[in-house]
């Protein structure tokens with residue numbers, strides 16, 4: 001199936017009251033698993049490649065081409081998204097590679113500089129039909145929107161969107177990146193306030209640490225895009241460890257990568273149901 005715009009998925013999520021699952025791709029097996037899970041759930045999905053993954057792969061174009069080809073061969077409606085980009089040259093390359101959306105991360109900058117740089121990126125992307133997600137939380141803070149204890153102020157969020165023209169906003173409501181245990185407590189009343197105050201879809205980063213029930217409640221309160229990476233990586237790694245422990249003589253990577261891919265596919269399908277996206281294809 002041809003790639004579809006991220007904007008289309010987010011519009012459907014807002015209209016349907018569900019959240020789009022946005023899952024990180026590091027290896028080709030991640031893309032295959034995410035698409036297989038979306039097919040099982042009959043749900044749209046966002047495949048996102050982060051600046052860190054680009055650094056690991058040694059460049060964006062090869063991994064982007066591989067992911068795009070997998071998506072075209074899949075029956076799942078899928079969009080391609082650049083995650084946590086801080087470099088404008090990488091955003092330009094993503095445009096050349098056919099990405100439908102980018103997340104520009106200026107959250108560690110002072111307010112005025114974040115607004116200025118985000119507005120510039122947004123104007124450039126909009127000229128090319130690319131959706132822009134941005135992040136706001138701790139103003140000028142080291143870890144941006146996901147410093148523990150930081151919360152996004154609804155009035156500041158609305159002002160930021162108005163001044164930058166962004167299409168989606170990642171907000172700080174209690175989650176944190178790279179959590180390996182699912183025990184984060186989200187500020188659900190704040191999510192509802194932000195949903196009422198901000199005229200663009202809300203995005204939850206650091207969702208790996210959020211329990212199922214809280215994820216569902218966040219969606220009900222107005223969250224429309226949910227990013228998940230570490231949780232799937234942990235399941236992937238657990239499956240690899242189990243395969244190698246069961247047969248120490250294994251040398252063919254296909255024998256231990258296939259179970260890991262299957263584990264992630266099953267979890268993607270399950271999470272899409274938690275987010276209310278199942279059957280929304």
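If the Cβ limit is 7 Å and pairs must be 6+ apart or interchain, which residue in the range 191-209 that is at positive phi and in contact (Cβ under 8 Å) with a residue 40 or more places away in the chain pairs with which residue that is part of a loop (DSSP other than H, G, I, E, B) and crowded, with 24+ Cβ neighbours inside 10 Å?
Qualifying pairs under 7 Å: 206/175.
Please go through the range 112-149 and pick out each residue that is in contact with a helix residue (DSSP H, G or I) (Cβ under 8 Å, 6 or more places away or on another chain) and either modelled with pLDDT under 90 or assigned to a strand (DSSP E or B) (or both).
131, 132, 134, 135, 136, 137, 138, 139, 140
I need the full set of residues from the range 1-43 which are assigned to a helix (DSSP H, G or I) and within 13 Å of residue 267 (Cβ to Cβ), in order please.
Filtering the range 1-43 for residues assigned to a helix (DSSP H, G or I) gives 6-16, 28-41.
Once the filter is applied, which keeps residues that are assigned to a helix (DSSP H, G or I) and within 13 Å of residue 267 (Cβ to Cβ), the range 1-43 yields 30, 33, 34, 36, 37, 38, 40, 41.
Out of the residues in the range 15-38 that are over 16 Å from the mean Cα position of the chain (by Cα) and touching a residue at least 60 places away in the same chain (Cβ under 8 Å), state the one that is farthest from residue 224 (Cα to Cα).
29
Could you grab me the full set of residues in the range 90-111 that are more than 16 Å from the chain's Cα centre (by Cα), under 23 Å from residue 194 (Cβ atoms) and not in a loop (DSSP other than H, G, I, E, B)?
Answer for the range 90-111, where residues must be more than 16 Å from the chain's Cα centre (by Cα), under 23 Å from residue 194 (Cβ atoms) and not in a loop (DSSP other than H, G, I, E, B): just 111.
Regarding the range 234-257, can at least one residue be identified that is surrounded by 17 or more Cβ atoms within 10 Å (Cβ to Cβ), part of a helix (DSSP H, G or I) and touching a strand residue (DSSP E or B) at 6+ places or on another chain (Cβ under 7 Å)?
no
Name the single residue, out of those in the range 95-108 being crowded, with 24+ Cβ neighbours inside 10 Å and at pLDDT 95 or above, that is nearest to residue 65 (Cα to Cα).
Once the filter is applied, the top-ranked residue is 99.
The values are calculated or read from the model by the stated rules, or taken from the named source; none is laboratory data. Keep in mind it's a predicted model, so treat the numbers as computed, not measured. We place every Cβ from the backbone using ideal geometry, glycine too, and count neighbours over all the protein chains shown.
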